[in-house]
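Taking it in order: structure first as structure tokens, then the write-up.
The values are calculated or read from the model by the stated rules, or taken from the named source; none is laboratory data. Please read these numbers as outputs of a predicted model, since none were measured by experiment. Reconstructed Cβ throughout: ideal geometry from the backbone, glycine too, with neighbour counts over all protein chains shown. These area figures cover heavy atoms from the full protein model, side chains too; ligands, DNA and RNA do not enter into them. Shrake-Rupley method; radii C 1.70, N 1.55, O 1.52, S 1.80 Å.
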Amino acid sequence: MSDCIFCKIVEGKIPCKKVYEDEDMLAFHDINPQAPVHFMIIPKKHVASLAHAGDADAPVLGRMLAAAGRLAREQGAPDGFRTIINTGRIGRQDVYHLHIHILGGKEPLGRMMPREGA
Ligand code: 5GP
Ligand code: ZN
């Protein structure tokens, strides 16, 4: 998609700090990291969001998830990490090219969601 930032990153028109690449997917560091380790895994094919994914996307989505643990360890999250896929308006998605955030580091992250009264 011509006006998609992440498609431009896939095409090399916008630079990124690459973590991993193969024929189907690309992983790169988030420009505004929210944790000591924060990168994203995206399919090279433009899929706007998880709500737009279908059966044809299942193999690459599976491969993206299957790569997450190895890439997280390589990037300095040896003992677990958090995966986030923001989807649509309600999920507060900003970039409409499906991406899995991988967040972690050496210390536990904050709680996933603020809890009332906690
Ligand atoms: P979302 O809110 O859609 O789940 O996340 C989009 C993420 O993309 C944000 O965390 C933001 O920092 C990141 N981002 C936006 N533009 C760029 C960019 O040009 N390069 C990189 N590496 N990350 C970006
Ligand atoms: Zn795109």
*Would you mind telling me which residue in R92, R63, R82 has the biggest mean-square fluctuation in a Gaussian network model of the chain, where springs connect alpha carbons within a distance under 10 angstrom?*
R92
*Can you give the angle from 0 to 90° between the axis of helix 58-75 and the longest principal axis of the chain, with both taken from C-alpha atoms, to the nearest 10?*
50
*Looking at the square roots a ≥ b ≥ c of the eigenvalues of the Cα gyration tensor of segment 46-118, which shape do they give, rounded for a/c under 1.5, prolate if a/b is larger than b/c, or oblate?*
oblate
*Measure off, as a whole percent, the carbon and sulfur share of the 1.4 Å-probe accessible area of the chain, all protein chains present.*
54
_Quick test of your reading: applying the under-4.7 Å Cβ rule, which cysteines of the chain are isolated?_
C16
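Under a 1.4 Å probe, what is the accessible area of the chain per residue, stated in Å²?
Computed with neighbouring chains in place, this is 64 Å² per residue.
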*In deg cm²/dmol, rounded to 500, what helix-only [θ] at 222 nm does the chain give when every DSSP H run of at least 4 residues adds -39500 (n - 2.57) and the total is split over its residues?*
-6500 deg cm²/dmol
